[in-house]
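Shown next, in structure tokens, is the structure this report addresses.
The values are calculated or read from the model by the stated rules, or taken from the named source; none is laboratory data. Note that the structure is a prediction, hence the values are computed from the model and not measured. Heads up, the Cβs are rebuilt from the backbone with ideal geometry, glycines too, and the neighbour counts pull from every protein chain shown. Just the protein is used for accessible areas: all its heavy atoms, side chains included, with ligands, DNA and RNA removed. Shrake-Rupley method; radii C 1.70, N 1.55, O 1.52, S 1.80 Å.
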2 protein chains.
Amino acid sequence: MLDSSPTAAPEPPSLAERIRHEMAHFTLSEKRAAHVLLSHYPFAGLDTVAEFAARAGISAPSVLRFVTRMGFAGFPDFQKHLREELEAQLLSPLAKSDPIERGSGAPALRSFAEAVIANIQATVENIAPAEFEAVVALLSDLRRPVHFTGGRFTGAVARYAESHFRIVRGGVSLMESQPALWRDRMIEIGRRDVVVAFDIRRYQEDVIALSETAAAQGATVVLLTDPWLSPIARVAKHVLPAHVAAPSNWDSSAGLLLLTEALVAATTKRLWETARPRMEAVERLRDSERN
Amino acid sequence: MLDSSPTAAPEPPSLAERIRHEMAHFTLSEKRAAHVLLSHYPFAGLDTVAEFAARAGISAPSVLRFVTRMGFAGFPDFQKHLREELEAQLLSPLAKSDPIERGSGAPALRSFAEAVIANIQATVENIAPAEFEAVVALLSDLRRPVHFTGGRFTGAVARYAESHFRIVRGGVSLMESQPALWRDRMIEIGRRDVVVAFDIRRYQEDVIALSETAAAQGATVVLLTDPWLSPIARVAKHVLPAHVAAPSNWDSSAGLLLLTEALVAATTKRLWETARPRMEAVERLRDSERN
DNA sequence: CCCGCTTTGAAATTTTTGGTACAGCTTTAT
DNA sequence: ATAAAGCTGTACCAAAAATTTCAAAGCGGG
């Protein structure tokens, strides 16, 4: 991944690269302009000055100063450059696709991103379609209450899942993994309930205990874990493993998040008839609260 | 966000196709305009009317008549359409660049993963290395207390960040975004403090209020947001935008998670001398608790 | 805490651009 | 051959865009 590419492109540094490089010396407004431009590169720059300024939340003169600072004679000159760059890029099939553009991004960030992408690909390829669909079906069953739980890091993913499913359907809850917090709630858990547990390496005693107890009560347990499989797998009806390796002292939860988001998306789609009015109602409540 | 259909709309015929189709009924100058446009599609149309007319060897009014005939309100409207078409075309091939092996995984999961990968690539390419490094430096400064906050969905990411940084360094806290929960804590926030805010589309009033208040107190605000930039960007010292588009009714936070994890990894590395004993101490505590 | 320097945006100004009216030319039908 | 219909371009106008000016606001250094 670390390239000393034999065919180092002799290309002049693209404007985007130059901006990234000089970002540190920009003033606040210039940074805003730069961010907006980079985020929608190069389309944010193809509109009018006024439009660009509005998108960046700065004034038109600041935009002008920004393009002048980058060495252009004026805004039209700047736009012309963008168009030419775009045209050149679109004509050469090399420029697009492939891994992340050489030299872009902070090195640490880039290598991390590459690891995460590899994780995601590996995760997708290892999930059995039927298993994924079965979990979607389970989560789409409105008669079944759903409970999410996770460990000290994965707990955040559980919360993320809960905050979405709560809007799509009813009967959703978040269970903290400390036994003190779920012991008494366990009396309510039965055959109808679904427990979705997130648990990865350094598998956490309390999450395991919670899942096993729930399973013993007859609940259906869904487990999202790493490829080594949490012990919860023994009591789980469905297991979705995600790759978590990262160039870090910590594991990456991106694969788990991917699965979570994909489950949310698929469930929302499947429940669209009932989810839609529900989501609209939530929006209305939020809007009215705002006043 | 509430779309009437859970799936993406079927593509409308591109302008180029429409032109080819109607070419037969065009007048002579219209044909010339069409020909020039198609041969350098769509860049020939992105210049001025005069430029376009000159290239086609016709007069400006003829160009105007041409675009009107194609159903556009005027030349700017026509250009806007070209840009949008171009943007859509340029973004989609990214996801297909390194397609996940055909036939693997559930279809819904696979397409979602492709979108997430595209997001991650776009996110990494748009982050200025200096900006990323500056944030790492900020988070590595042990004299500065760090507070994380986020909205209803991004709050989970804030919590994820907090649960990691808490172990790497001291002086870390999680601030719930409801004003009632942070109003009184704000008295403690000053120039030394760092507030890391997560806020994406449907930017949340209370997160904005929290950030603005903190900034007014002199705190340094770091913002992780979407490419449209939360209003918090106005008061933020550093902004890290992440792409969030997904084939879903919901946005994807994978890019935000990527940035978060990369920040954690980089900070851990940078603080290794002090983080290492600290992490070991945490582990010892956990082990002893287990008995 | 205050002063000087830098940055920023509102408003005025200038330039460019898109749009329109109209007259001449070409073509076609009778 | 001639009149009618339809294109096309020149010249002009209106609109919008880019740019400059200037005063206020913010920031950093002493």
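Restricting the search to the range B:34-72, which residues are under 31 Å from the mean Cα position of the chain (by Cα) and either near DNA strand C (Cβ under 8 Å from one of its atoms) or away from chain A (no Cβ under 14 Å) (or both)?
So in the range B:34-72, the residues under 31 Å from the mean Cα position of the chain (by Cα) come out as B:40-48, B:72.
Listed by number, the residues that qualify are B:D47, B:T48, B:F72.
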Quiz item: Which of the residues belonging to the range B:98-134 are under 23 Å from B:V222 (Cβ atoms), at pLDDT below 90 and polar (S, T, N, Q)?
Solution: B:N126
Practice problem: Report, by residue number, each residue of the range B:202-231 that is within 12 Å of chain A (Cβ to nearest Cβ) and charged (D, E, K, R). | Solution: B:R202, B:E205, B:D206, B:D226
Quiz item: Considering the range A:216-231 alone, what residues qualify as being modelled with pLDDT under 95, under 16 Å from A:N119 (Cβ atoms) and touching a helix residue (DSSP H, G or I) at 6+ places or on another chain (Cβ under 9 Å)?
Solution: A:T225, A:D226, A:P227
Practice problem: Kindly indicate whether B:L86 is of a type in the set (A, V, I, L, M), modelled with pLDDT of 90 or more, assigned by TED's automatic domain parsing to the domain that holds B:T27 and open to solvent by less than 50 Å² (accessible area, probe 1.4 Å). | Solution: no
Quiz item: Any idea how many residues of the range B:220-243 are open to solvent by 10 Å² or more (accessible area, probe 1.4 Å) and part of a loop (DSSP other than H, G, I, E, B)?
Solution: 5
Self-check item: Pairs where the first residue, in the range B:41-66, is farther than 19 Å from B:H81 by Cα and the second is of a type in the set (G, A, S) and within 8 Å of DNA strand C (Cβ to nearest atom), C-beta under 7 Å, 6+ apart
Solution: B:A60/B:A50
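Within the bounds of the range A:113-136, is there any residue that is more than 14 Å from chain B (Cβ to nearest Cβ), open to solvent by 50 Å² or more (accessible area, probe 1.4 Å) and without any contact (Cβ under 8 Å) to a residue 24 or more places away in the chain? Explain how you work it out, then say what you get.
Step one: filter the range A:113-136 for residues more than 14 Å from chain B (Cβ to nearest Cβ), giving none.
No; the residues of the range A:113-136 include none that is more than 14 Å from chain B (Cβ to nearest Cβ), open to solvent by 50 Å² or more (accessible area, probe 1.4 Å) and without any contact (Cβ under 8 Å) to a residue 24 or more places away in the chain.
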Self-check item: Matching residues, the range B:57-83, being within 9 Å of DNA strand D (Cβ to nearest atom) and open to solvent by less than 10 Å² (accessible area, probe 1.4 Å)
Solution: B:V63, B:F66
Exercise. Tell me, please, whether a residue that is of a type outside the set (A, V, I, L, M), open to solvent by less than 20 Å² (accessible area, probe 1.4 Å), closer than 17 Å to A:A242 by Cα and modelled with pLDDT of 95 or more can be found in the range A:175-196.
Key: no
